[in-house]
1. What number of residues in segment 115-142 are of a type in the set (Gly, Ala, Ser), assigned to a loop (DSSP other than H, G, I, E, B) and either surrounded by fewer than 19 Cβ atoms within 10 Å (Cβ to Cβ) or in contact with a Ser or Thr (Cβ under 6 Å, 6 or more places away or on another chain) (or both)?
2. Are any residues in segment 90-110 in contact (Cβ under 8 Å) with a residue 12 or more places away in the chain and surrounded by fewer than 19 Cβ atoms within 10 Å (Cβ to Cβ), and if so, which ones?
3. How many residues does segment 115-138 hold that are over 12 Å from Leu82 (Cβ atoms) and not aliphatic (A, V, I, L, M)?
4. If you scan segment 226-268, which residues turn out to be in a helix (DSSP H, G or I), acidic (Asp, Glu) and over 28 Å from Leu337 (Cβ atoms)?
5. Which of the following residues is within 22 Å of Asn280 (Cβ to Cβ) and surrounded by fewer than 20 Cβ atoms within 10 Å (Cβ to Cβ): Asp57, Asp63, Asp49?
6. Would you mind telling me which numbered condition in (1) modelled with pLDDT under 80; (2) crowded, with 19+ Cβ neighbours inside 10 Å; (3) β-branched (Val, Ile, Thr) Thr253 fails?
7. Limited to segment 367-402, what total is found for residues that are farther than 21 Å from Asp49 by Cβ and touching a Phe, Trp or Tyr at 6+ places or on another chain (Cβ under 7 Å)?
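The values are calculated or read from the model by the stated rules, or taken from the named source; none is laboratory data. Keep in mind that this is a model prediction, so the values were computed, not measured. For neighbour counting, all protein chains shown are included, and Cβ atoms are generated from backbone atoms with ideal geometry for every residue, glycine included.
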Amino acid sequence: MAHRESSEKADPRAAPQTHEVHRPPRPRFGPGLFVTIGALTAFGPLATDLYLPGLPDMAAALDTTPSLAQLTISVCLVGLALGQLVAGPLSDSMGRRRPLLVGVALFAVASFLCALAPSIWVLLALRLVQGLTGAAGIVIARAIVRDTYSGSEAARVFSQLMLVMGLAPIAAPLLGGQILNFTDWRGVFVALGVIGVGLFAAALLVVPETNPPEFRHVGGLGSQVRQMARLVLDRQFLVYLLIAGLQGATLFTYISLSSFVLRSDYGISPQTYSFIFATNAVGMVVGAQVNATLVRRHGPLRLLRCQLVLAVVGALVLTVDSVMTRSLVGVLIPLFLVMASFGGLAGNVTALALTPYGHAAGAASALLGNAQFLFGAVVPPVVSLVGTQSGVMGATMLTTSGVALLLAAATVRQPSSVRQTT
């Protein structure tokens, strides 16, 4: 959409702006396009979750430490965060198809090269490239939906895509566990490369150009950077930004440490771990659906606080169990509670953060996404230096969720339009 100079001067605390430049009608999504867009939005779970069952084996094969092995997740997350800041503006100025196709193609190449990595340091560099290029699929797929639909239709399509993203964490570790029945961790990266090739072919065949030249951004990156700075300096937005980041740290602490906790401490197989991971992903999907049912009646801020209380209780039980009984059930049930709370929490934080900033929704959304990825990239490898036991995982989740709860409890107002529009 063409850059509007007036938006740069607007107060970020102003009421949402509803005026839009109307695009010409776009062709609606057919099944092929919808499946392709849904798969592109799932680049994050695919890149981080597919090889989780083989993470301890990879550390052993490359003769490295658990902390450096988990860093392969973190650098990919950093790439996914930073890559969105590059690919999004590029697609605004160059159109959607070219950056998308280049990003997906490079993701496939980086995945194949990961399978050939001779050392942990080469793998870390390639994982960063994987994240940077895979980010194009995430951010441009959502932009294509926004180009094509508006209003309630856009909300409907985004909700359907969120269901696809909820299924991706279920399918990825299950698929990874099954792949490890026939090959080692390098074979998982070969599978990622094959998936990248398939998505490139699908995007080439079915994804149209939805951002024609007359609607492309011509103002440069300077105005976007200034808008983001104004958002970060807004106290209310900053609260939700920190909550999103802290819960990103909670989620990726679970992703990074759970395979070491469950496989090393409790002796489960890679395949059993895959099913446990899938069950917790189902909990996230169920939590999101329950939240969608209740949010009109109770509002997102109240539900956000309840979900954070649930996360704190689950993390507390996990931490206590690691000291007292050390039972597998005492780990699995609280982990399910924490993940179920996350399912609805992400949508509530987004709604609360974006509602007052309709004129800057893209910048606000990019900041929220980057906070989740960057917090998730930094916290797990730091805490893993202490250890990879269940007590470390529980204490980290308890700290991040507890601070987020304190921030939410101190937030005494929510935008008056949230309850009606969420």
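1. Narrowing segment 115-142 to residues of a type in the set (Gly, Ala, Ser): 115, 117, 119, 125, 131, 134-137, 141.
Now restrict to residues that are assigned to a loop (DSSP other than H, G, I, E, B): 115, 117, 119.
This time we only want the ones that are either surrounded by fewer than 19 Cβ atoms within 10 Å (Cβ to Cβ) or in contact with a Ser or Thr (Cβ under 6 Å, 6 or more places away or on another chain) (or both), so: 119.
Number satisfying all stated conditions: 1.
2. Matches in segment 90-110: Ser93, Met94, Gly95, Arg97, Leu101, Val102, Ala105, Leu106, Val109.
3. Residues that pass the stated criteria total 6.
4. So in segment 226-268, the residues in a helix (DSSP H, G or I) come out as 226-233, 235-265.
If we keep only those that are acidic (Asp, Glu) as well, we get 265.
None - no residue of segment 226-268 is in a helix (DSSP H, G or I), acidic (Asp, Glu) and over 28 Å from Leu337 (Cβ atoms), so the list stays empty.
5. Numbers: Asp63 fails: within 22 Å of Asn280 (Cβ to Cβ); Asp49 fails: surrounded by fewer than 20 Cβ atoms within 10 Å (Cβ to Cβ).
Step by step, each of Asp57, Asp63, Asp49 is checked, and only Asp57 is within 22 Å of Asn280 (Cβ to Cβ) and surrounded by fewer than 20 Cβ atoms within 10 Å (Cβ to Cβ).
6. Every condition holds for Thr253 apart from (1).
7. The total comes to 0.
Here's the yes/no breakdown for (1) closer than 15 Å to Thr41 by Cβ; (2) at pLDDT below 75; (3) not assigned by TED's automatic domain parsing to the domain that holds Gly32:
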site	(1), (2), (3)
Arg127	no, no, no
Ala135	yes, no, no
Glu153	no, yes, no
Leu161	yes, yes, no
Val164	yes, yes, no
Gly176	no, no, no
Val190	no, no, no
Val197	no, no, no
Phe200	no, no, no
